[in-house]
1. Which residue pairs have Cβ atoms under 6 Å apart, sit 6 or more places apart or on different chains, and have a first residue in segment 174-192 that is assigned to a strand (DSSP E or B) and a second that is among the basic types (Lys, Arg)?
2. Which condition breaks for residue 370 when tested against (1) hydrophobic (A, V, I, L, M, F, W, C); (2) modelled with pLDDT of 95 or more; (3) farther than 23 Å from residue 101 by Cα?
3. Which count do you get for residues in segment 70-97 that are closer than 22 Å to residue 132 by Cα and either acidic (Asp, Glu) or touching a Leu at 6+ places or on another chain (Cβ under 8 Å) (or both)?
4. Restricting to segment 356-399, name every residue that is over 20 Å from the mean Cα position of the chain (by Cα), crowded, with 18+ Cβ neighbours inside 10 Å and hydrophobic (A, V, I, L, M, F, W, C).
5. Would you confirm, using the coordinates I've provided, whether residue 415 is among the basic types (Lys, Arg) and more than 22 Å from the chain's Cα centre (by Cα)?
6. Residue 33 passes all but one of (1) closer than 28 Å to residue 432 by Cβ; (2) of a type in the set (Asp, Glu); (3) modelled with pLDDT under 95; which number fails?
7. Take residue 203 and decide whether it is within 18 Å of residue 342 (Cα to Cα) and not basic (Lys, Arg).
8. Might you check whether a residue that is assigned to a strand (DSSP E or B), surrounded by fewer than 17 Cβ atoms within 10 Å (Cβ to Cβ) and either in contact with a strand residue (DSSP E or B) (Cβ under 8 Å, 6 or more places away or on another chain) or hydrophobic (A, V, I, L, M, F, W, C) (or both) occurs anywhere in segment 411-426?
Amino acid sequence: MRIMKKTGLLLVIGLSFVGSYGQFAYGQLASVDVNPTEYMLPQLKTGNNEIDKAFRIALGDYFTNIQPFEISLSGTVRPVILAGLDYKRPWTRDASINAWNAGSFITPDIAKNTLVSVLTNSNDTIVVGGQYWDAIIWVTGAWNHYLVTGDKAFLALAYEATKNSLYHFENTELNKEYNLFRGLGWSDGPSAYEGKYGDFKTFKRMKGKPDVISETGHGVPMMALSTNCLYYNAYMLAHKMSKELGEESLDWSEKALKIKEAINKHLWNDATGMYKFYIDEEEESNLQETIGNAYAMLFGVADEDQAMAILENQKVTPAGVPSGWPPLKRYQTDSTSFPRHNAVVWPQIQAFWAEAAAKFNRPDMLFHELSNLAKHANRDMQFAEIYHPYTGEIYGGIQEKGRYGVVGLWKATNRQTWAATGYIRMVLNGLLGINVDEQGVEIEPRIPEEFEEIELTNLKYRDIFLSIKVTGNGSQINKIVVNGEVRTKAQVLNGAKGNQVIEIEMSSI
């Protein structure tokens, strides 16, 4: 790679790596030679050196994890975004989140490759592959990719995969009594769960032998908050996809509303002012699932009163918001030990939480996550997978290991891509409030009081390069200037080309 500092261009002069790894579900690492491609790197200036430097570190981690990969759907080798430095493949949820967070802006062609790489062809039917319970997150990443790029051919493929996947999961995972989908929450390890789901042997059996627990699907009968929020959003986006393609809408939006009603009926807890983590026909968990509550706020499952209650009641630790709370005692051998999937800080969860807080006018909570993650990245010169909730050190957490489930400390992997793109998301979606929809891109900043001026340049969106300058702080806009003209909205409509400059003056000035 060669970086031309003066122009801000990154020139990828070709990828030529030889893979010696075995076949995976979606493909394999492989050798490839590609023509040089130039990418305009977004640049951030906030007046805070630690924040700005972390943005550059995030870009570095992102590009480090772009590798050639054999895409099974097409039989071709293309560069994709791997899950991290310690991984040899893109996982479905990592692929979706990384494209959604930042990839579709920074390297749209590689983000597209990554999204396509996790699709599979099952009996001439294209569906989303990967772990079944949260594979549906792909729909959100795919829709966002279309909005950012305007790629109608990709949208047609995405809608086909979305329809087929929703029909499949309706037949295998929908609990019709509750109108909620079965499957684990965001965590694929027992250290997130209570009751039978927290027992290592039972958990392992449920994941490995579908017929043991459930008559249909893959054997995990819980109905989790985050998973069902993703299904709600997938149905809403299926409706938007069909409309954008000029196809019959079917009943996607009706199904979405039924899921939303079921989430609020069965999972909202007035007593805690938060959603339950999960329920099944025998038990429920009132542990906090941070990412599920964040999704509920971002997708519109939670109303404003519920969102305010969540912001008030969510546990936030000194090093950032934990993935869940309270810590499960069976993993706390001493006061410094915390479960891997229950009470430690995962940056991709920080990112969604920070954006949700910003959306509901809590830029102070956004800054807590942004500044902590920036501090960790500057200290370690990378974005690691997980951090300790109190010390902020890289920390993999406690969980069962190996065949026999011996409890021990896990490793936190290096240069985790969704940690890096999560930081970029905090800047783009959180601080600057960049929103994309079918009409174009709009900016609604939520600026913490620690900043006086923020400038982002060279952000690619469709056929434009966007530059944004925000002066002042807070959430109220005083003045908007777009390309030298005073406007009432900080918006650029689709169809625009070339350089677009948005200047915003906040009312705090």
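1. Listed pairs, sorted by first residue: 175/182.
2. (3)
3. The qualifying residues number 8.
4. Residues satisfying the conditions are 394, 398.
5. The answer is no for residue 415.
6. That leaves (1) as the condition not met.
7. Here the answer is yes, as residue 203 does meet what is asked.
8. no
The values are calculated or read from the model by the stated rules, or taken from the named source; none is laboratory data. The structure displayed is predicted, hence computed values, not measured ones. Please note: Cβ atoms are built from the backbone with ideal geometry, for glycine as well, and neighbour counts cover all protein chains shown.
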